[in-house]
Amino acid sequence: MFKNAFKVLLLMVILLPAAHATANHKILLLGDSLSASYGMTQNEGWVTLLNQQLSKQNAPYNIINASISGETTAGGLSRLPGILAKQSINALIIELGGNDGLRGFPPKLIKSNLTKMVDLAHAQNIPVYVMNIRIPPNYGPRYSKMFTDVFAQVGSEKDITVLPFFMEQIAVDPSLMQNDGIHPNRSAQPKIVDIMSKQLASIYSEQLSQQ
């Protein structure tokens, strides 16, 4: 009997470090075509590339990609409850609003949808980060400002971090853009990885400090 108890204890000692090593901080990314590998294969997109890099580095976190091309804030809001019901996540990044802006949707509606998504996550004690989306200037200064202000307003009112838009460093370089002038090309993906790897490291550190 003593031998059996000793074997069980020894097995637990062996397995516990392994279980700890595979524990993962899961960051859900709810985004649109900018994060859904538009115009290329899934394996060529920045999310896959970043997850591969994190795996090689034995990072304690990774991204669960719930991005869909053409997604709007309304679409994200309708999908989020189902995703949260199926996935156990530690943080949420919302990269939505670009398609709303390109279609000229009312900023008040965009803000309302974002706010509801934040509330859904907060109801489950999930920290939320909203990306500060930008749209092309040809929509006029008035609409562009109203659109841009939405993200700062949501961040301020819900007391959440607004992340810099990774496309700001990409869109200014035509060599990194697809022919439509909206989506990043294959050459841009590693650069987005560099930008987002720093943001994810910051998010993970922030979560650790709050535990």
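Dividing the Cα radius of gyration of the range 48-116 by 2.2 N^0.38 Å, with N the residue count, gives 1.31. Taking every full run of DSSP H in the chain, the ones that stretch at least 27 Å from end to end by Cα along their long axis and average 0.0 or higher on the Kyte-Doolittle scale are 2-22. Would you work out what percent of the accessible area of the chain, with all protein chains in place, is carbon or sulfur (probe 1.4 Å)? The value for the chain is 57 percent carbon and sulfur by accessible area. For the range 80-211, the alpha-carbon radius of gyration amounts to 1.11 times the rule-of-thumb value 2.2 N^0.38 Å expected for a compact globular protein. Here r is the Cβ-Cβ distance between Ser187 and Arg103 and R0 is 35 Å; the resulting FRET efficiency, rounded to 0.05, is 0.80. Only helices enter the 222 nm calculation for the chain: every DSSP H run of n ≥ 4 contributes -39,500 (n - 2.57), and dividing by all residues gives -16500 deg cm²/dmol, rounded to 500. Accessible surface of Leu163, taken over heavy atoms with a 1.4 Å probe and every protein chain present, rounds to 10 Å².
If the segment from Asn58 to His122 were pulled out straight at 0.36 nm per residue, it would be longer than the present Cα-Cα gap by 20.2 nm.
Using only the alpha-carbon atoms of the range 130-203 as identical scatterers, what base-10 log of I(q)/I(0) does the Debye formula give at q = 0.12, 0.13, 0.16, 0.24 Å⁻¹? Those come out to -0.40, -0.46, -0.68, -1.11, one per q. Extending 7 Å from Cα along the Cβ direction at Ala152 and again at Gln178 yields two label points whose distance is 3.1 nm. Val172 exposes around 120 Å² of accessible area when a 1.4 Å probe is run over every protein chain in place.
The values are calculated or read from the model by the stated rules, or taken from the named source; none is laboratory data. Fair warning: this is a prediction, and the values are worked out from it, not measured in the lab. Reconstructed Cβ throughout: ideal geometry from the backbone, glycine too, with neighbour counts over all protein chains shown. In case anyone asks, the SASA skips ligands and DNA or RNA and just uses the protein heavy atoms, side chains included. Shrake-Rupley method; radii C 1.70, N 1.55, O 1.52, S 1.80 Å.
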